[in-house]
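The values are calculated or read from the model by the stated rules, or taken from the named source; none is laboratory data. Not measured: the values here are computed from a predicted model. Here the Cβ is made from the backbone with ideal geometry for all residues, glycine too, and neighbour counts use every protein chain on show. The protein model used for the area step is the full one, side chains on, heavy atoms only, and it has no ligands, DNA or RNA in it. Shrake-Rupley method; radii C 1.70, N 1.55, O 1.52, S 1.80 Å.
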Amino acid sequence: MWNKNIATVSGYSNKEIAAMIPEDFFTGEHREAVVMAIADTFKNGRGNVEASLYTKDGRLIPYYFNGFIIEVEGRRCLVGIGIDISERKEIEREIREINLNLQDRINKEVAKNRLRDQIMFEQSRHVVIGELLVNISHHWRQPFG
């Protein structure tokens with residue numbers, strides 16, 4: 001049995017969903033992760049998995065499942081709660097992008113500061129050399145006495 005949320009998110013009818021197993025909603029690497037999570041849930045009594053849910057119209061939606069085992073009339077049953085995490089994934093992507101942009105900006109500012117430091121070092125060196133030359137010329141102009 002499936003809850004209504006999976007029908008809403010996946011686009012499959014309740015009748016279609018009733019004929020499906022959990023793995024039918026997933027493709028490739030996600031299918032294997034879901035199968036392993038289900039096995040772990042049966043083994044440990046609880047489990048979770050984050051995978052992309054395959055919708056009827058072919059879209060992949062990031063989905064998080066949290067499952068646990070209950071016993072009903074002597075049978076072990078998997079009960080799961082799933083939520084669409086598309087918004088969270090988009091926010092995570094935006095944060096990664098912001099961090100990359102921030103790192104680029106930091107690197108550029110560090111490079112600018114290094115250039116300024118180098119220029120200041122060169123200028124201070126020129127000032128010291130200039131002062132040295134002024135002092136030398138002053139001493140040359142002084143009579144020995």
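Accessible area ranking (1.4 Å probe, heavy atoms, ligands and nucleic acids excluded), largest first, for Phe65, Phe25, Phe42: Phe42, Phe65, Phe25.
When you restrict to C-alpha pairs under 8 Å that are six or more residues apart and normalise by the size of segment 4-85, the relative contact order lands at 23 percent.
How much of the accessible area of the chain, probe 1.4 Å, is carbon plus sulfur, in whole percent?
Here it works out to 57 percent.
Calculated from the structure at hand, Kirkwood radius over Cα pairs in Å is found among (i) 15.2; (ii) 21.0; (iii) 16.2 as (ii).
Under a model in which nothing but the beta-carbon of Lys, Arg (+1) and Asp, Glu (-1) is charged, the chain shows a dipole of about 440 debye around its Cα centre. Taking all protein chains into account, the per residue accessible area for segment 96-138 stands at 94 Å² (1.4 Å probe). Label zone (Thr27, point 7 Å along Cα-to-C-beta; backbone nitrogen cut-off 12 Å) within segment 37-76: 52-61. Taking every protein chain into account, the accessible area of segment 4-85 amounts to 63 square angstrom per residue (probe 1.4 Å).
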